[in-house]
Amino acid sequence: MIVKENEKQLSFLFQEKDSYFEMGYLILKQANLAGMLPYKRVQQNGKEKLCFQISEVEKLSQILPKLAEDEVIDVLYAVVFMTQRIEENGFMKKECIWCRYEQIYMDRDSCSPMFAVLPITQEFRYADGSDWMRGFEECLYRIAEYLSIKKQQRIQQLIKLYKTGQMKVEEFLEEINQLGNGMSGLLVDKSEEEKCVKSNKLELVYAGREGTFQFCVGDEAFLIGRGMDSDGMLQISMKVSRRHCLITKINGNYFVQDLDSTNGTYVNDTQIPPYELMELEHNDILCVGDVELRVQVLCK
């Protein structure tokens, strides 16, 4: 596939025949998706070519520096939401979205992201050899650069969970929504049980020779270590690093992340690789160095 861009259009020339192209094109034509750039189909030397009109839009990269933080979060939401919308028909895949940061645009009137959407049925590789997920991930990272450091880190955690299949797209969207005030109207109402999960809290209980004590973890990130800046300060063992591990609440669930500690972080005797996220469940045993903490997940 040959991709070209000028001031008026972004064009895609398909080099190979795709037996599903015609069906994909008809579905694309009927879908009339919000967020899809207007296009026309032409033939060039017997090959299919799609030309997306970009003369009435601006590049996302040029608009982002001018946006308020909540508006940037709305953009992140809209990018992820597009991947959900594109797969609703059961035929097209999220890989149909041309997800290159420098070739995503913004509608001047609605201030919404606009994409080229291609009628393909399998994942394609970009000119630099990268796959779709890598392009999608890079796009989200580039947008998140315009958020506060704390929110950037949160987005990075969410991307990792989504990429590894630990988080569904609906959960990803809800977590993004909670970072700002933007697109909540697009989300469905949750059941009472789900609301309970979102409002739960986590307790870490220690019972040993030094006595019994507990830490309560809420919605904010919770740092465990020997340092004075730790939320859960463990000075009972020299095997606990100053900044040992971090517990983060994501979509109502709690995840622990080892911060490259000297003696490691374990969940039920399984060591967590540095900076990877592992979910904590009720009655798990969290070992911070040689300090054992029992996990209690409670609904408020």
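The values are calculated or read from the model by the stated rules, or taken from the named source; none is laboratory data. From a predicted model like this one, the values you see are computed outputs, not experimental measurements. Note that we place each Cβ from the backbone using ideal geometry, even for glycine, and neighbour counts take in every protein chain shown. Accessible surface areas use protein heavy atoms only, side chains included; no ligands, DNA or RNA. Shrake-Rupley method; radii C 1.70, N 1.55, O 1.52, S 1.80 Å.
For V205, what charge total do you get from the other residues with a beta carbon under 10 Å from its beta carbon, if Lys and Arg give +1 and Asp and Glu give -1?
On the way: positive: R294; negative: E203, E292.
Once positives and negatives cancel, what remains is -1.
Within the chain, what whole-number % of the accessible surface is contributed by carbon and sulfur, with the 1.4 Å probe and all protein chains included in the calculation?
Working: 7210 of 15690 Å².
Carbon plus sulfur share of accessible area: 46 percent.
Modelled label-to-label distance, N45 and Q166, 7 Å Cα→beta-carbon offset: nm?
Between N45 and Q166, the simple spin-label model gives 4.8 nm.
Out of these labelled values of P(r) over Cα pairs in 10 Å bins from 0, in percent, [x] 7, 31, 39, 21, 3, 0; [y] 6, 24, 27, 20, 14, 8, 2, 0, 0; [z] 6, 25, 32, 22, 9, 4, 2, 1, 0, which was calculated from the coordinates shown here?
[y]
Can you tell me the length gained on complete extension of the stretch V3 to E281, counting 0.36 nm per residue apart and subtracting the Cα distance?
Numbers: separation 278, 0.36 × 278 = 100.08 nm, distance 4.74 nm.
Going from the current span to full extension adds 95.3 nm.
Relative to the longest principal Cα axis of the chain, at what angle does helix 69-86 sit, 0 to 90 degrees, rounded to 10?
Value to nearest ten degrees: 70.
How much accessible surface area, in Å² rounded to 10, belongs to the heavy atoms of V80 with a 1.4 Å probe?
For V80, solvent-accessible area is about 0 Å².
If you stretched the chain out fully between A34 and E138, how much longer would it get, using 0.36 nm times the residue separation minus the C-alpha to C-alpha distance?
Details: separation 104, 0.36 × 104 = 37.44 nm, distance 2.27 nm.
Stretched out fully, the A34 to E138 stretch lengthens by 35.2 nm.
Would you mind calculating the gained length between K59 and M233 on full extension (0.36 nm times residue separation, minus the Cα-Cα distance), in nm to one decimal? Walk me through the numbers on the way to the answer.
Working: separation 174, 0.36 × 174 = 62.64 nm, distance 4.71 nm.
Extending this stretch completely gives an extra 57.9 nm.
Order M228, M133, M92 by their accessible area, 1.4 angstrom probe, all chains in place, largest first.
Values: M228 155, M133 45, M92 5 Å².
Ranked from most to least accessible, the order is M228, M133, M92.
Need one value: the accessible area of E276 in square angstrom, 1.4 angstrom probe, rounded to the nearest 10.
Ignoring ligands and nucleic acids, E276 comes out at about 100 Å².
Given a cut-off of 29 Å, name the pairs among K59/K150; K47/K94; K8/K66; K94/K249; K94/K201 whose C-alpha atoms lie farther apart than that in the structure shown. Can you show the working numbers first?
Details: K59/K150 26 Å; K47/K94 24 Å; K8/K66 23 Å; K94/K249 27 Å; K94/K201 35 Å.
Table pairs above 29 Å Cα-Cα are K94/K201.
Taking R0 as 35 Å, what FRET efficiency do you get between R294 and Q156 from their Cβ-Cβ distance, rounded to the nearest 0.05? If you can, show how the numbers build up before the last one.
On the way: r = 29 Å, r/R0 = 0.83.
It comes out at approximately 0.75.
Residue by residue through segment 164-171, which ³J(HN,Hα) values in whole Hz follow from phi under the Karplus form 6.51 cos²θ - 1.76 cosθ + 1.60 (θ = phi - 60°), with glycine and proline marked x?
In residue order, the calculated couplings are 8, x, 7, 9, 7, 4, 5, 5 Hz.
Determine the order of H244, H282 by accessible area, beginning with the largest, at a probe radius of 1.4 Å. Before the final figure, lay out each step's value.
Details: H244 0, H282 95 Å².
If we order H244, H282 from most to least accessible, we get H282, H244.
So for M233, M106, what's the accessible-area order with a 1.4 Å probe, most first?
Working: M233 70, M106 5 Å².
Result, largest first: M233, M106.
Express in Å², to the nearest 10, the accessible area of F14 obtained by rolling a 1.4 Å probe over the protein heavy atoms while all chains stay in place.
F14 exposes around 30 Å² with every protein chain in place.
Which value results for Rg/Rh of segment 229-300 when Rg is the Cα radius of gyration and Rh the Kirkwood radius based on the inverse mean 1/r?
Numbers: Rg = 11.6 Å, Rh = 12.4 Å.
Reported Rg/Rh, Kirkwood definition of Rh: 0.94.
Once you've got the GNM for the chain with C-alpha springs shorter than 10 Å, pick whichever of K40, K59, K151 has the biggest mean-square fluctuation.
Among K40, K59, K151, the largest GNM mean-square fluctuation belongs to K40.
Accessible area per residue, 1.4 Å probe, Å², for the chain: what's the number? Present the calculation step by step, with values, prior to reporting the outcome.
Numbers: 15690 Å² over 300 residues.
Roughly 52 Å² per residue, with all protein chains present.
Per-residue ellipticity at 222 nm for the chain, helices alone: DSSP H runs ≥ 4 residues times -39500 (n - 2.57), over residue total, nearest 500 deg cm²/dmol?
Numbers: 7 runs with 78 residues, N = 300.
Roughly -8000 deg cm²/dmol at 222 nm, from the helical runs in the chain.
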